[in-house]
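Values in this text are rule-based calculations from the coordinates and carry no lab data. The structure displayed is predicted, hence computed values, not measured ones. We place every Cβ from the backbone using ideal geometry, glycine too, and count neighbours over all the protein chains shown.
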Amino acid sequence: MYGLMMKGGVIMWPLLACSIVALAILFERLVFWLQILRNKNQPLVNRIFSLTEEGDFATAIQEAEGTRCLVCRILASGLAHRNYGLAQSLEAAAMFEIEKMKRYLSVLDTIITAAPLLGILGTVSGIILSFDLLGDAGIEDPKAVTGGIAQALITTATGLSIAIVTLLPYNALTRKVEKVTRHLEQLVTCYEVTVQKGQEARQASTK
């Protein structure tokens, strides 16, 4: 590994940094989504909907307190701040969670773009080095230029490899965020209707 880094030249160090950052982010995102999956609580979501439809808003909020379920937090936050506008409160709570899902994806996107460019930069610098050496040694000593050519090939291959390996999980994470976002939009719409029914039930019970 160290020998490859030396052959690739100075551009290999920022490429190494890109690979380390990408791996760290991918590991963090994997843990994040595993926690969301583990904390998913569909029975509690159903109970919040039922309590809301019955007009028992206080109990619905209380049931969701302290939960790690993403959907429950959104519903409870929207319901608790309904006096400021139910739709706006639910949307704000959902956007807060969605932003946490998108965390570091822009960094991965930057690495996917930057890694091949760094590889090309290494290629150009390697070719320049090869021509310099060729001018000094002449065509009688072709071995003198192999170092620059090796540097050009190694940095290009490394940059492309980092971009390709990062692109696949990045696309998967992006699709996951889009899927969850659509689900939350549908859920929020349904919950707005449920809250309306709950308000009607509360009004009917006071008559």
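Observations on the model:
- Note, ³J(HN,Hα) from phi for region 57-71, Karplus 6.51, -1.76, 1.60, rounded to Hz, x at Gly and Pro: 5, 4, 5, 4, 5, 5, 4, 8, 5, x, 6, 9, 6, 4, 5
- Counting charges near residue 42 (Lys, Arg +1; Asp, Glu -1) among other residues having Cβ under 15 Å from its Cβ returns a value of +4.
- Entries of 102/176; 176/197; 40/197 with Cα pairs more than 20 Å apart: 176/197; 40/197
- Applying the Karplus relation 6.51 cos²θ - 1.76 cosθ + 1.60 with θ = phi - 60° to region 102-115 yields 3J(HN,Hα) values of 7, 4, 6, 5, 5, 5, 4, 4, 5, 5, 4, 7, 6, 4 Hz, where x marks Gly and Pro.
- Local net charge near residue 198, Cβ-Cβ under 9 Å (Lys/Arg +1, Asp/Glu -1): -2
- Simple label model, 7 Å out from Cα along Cβ direction - residue 10 to residue 107, nm: 2.6 nm
- Residue-count net charge about residue 90 - beta-carbon cut-off 9 Å; Lys, Arg +1, Asp, Glu -1: -1
- Additional length obtainable on full extension of the chain from residue 20 to residue 201, 0.36 nm per residue less Cα span: 59.6 nm
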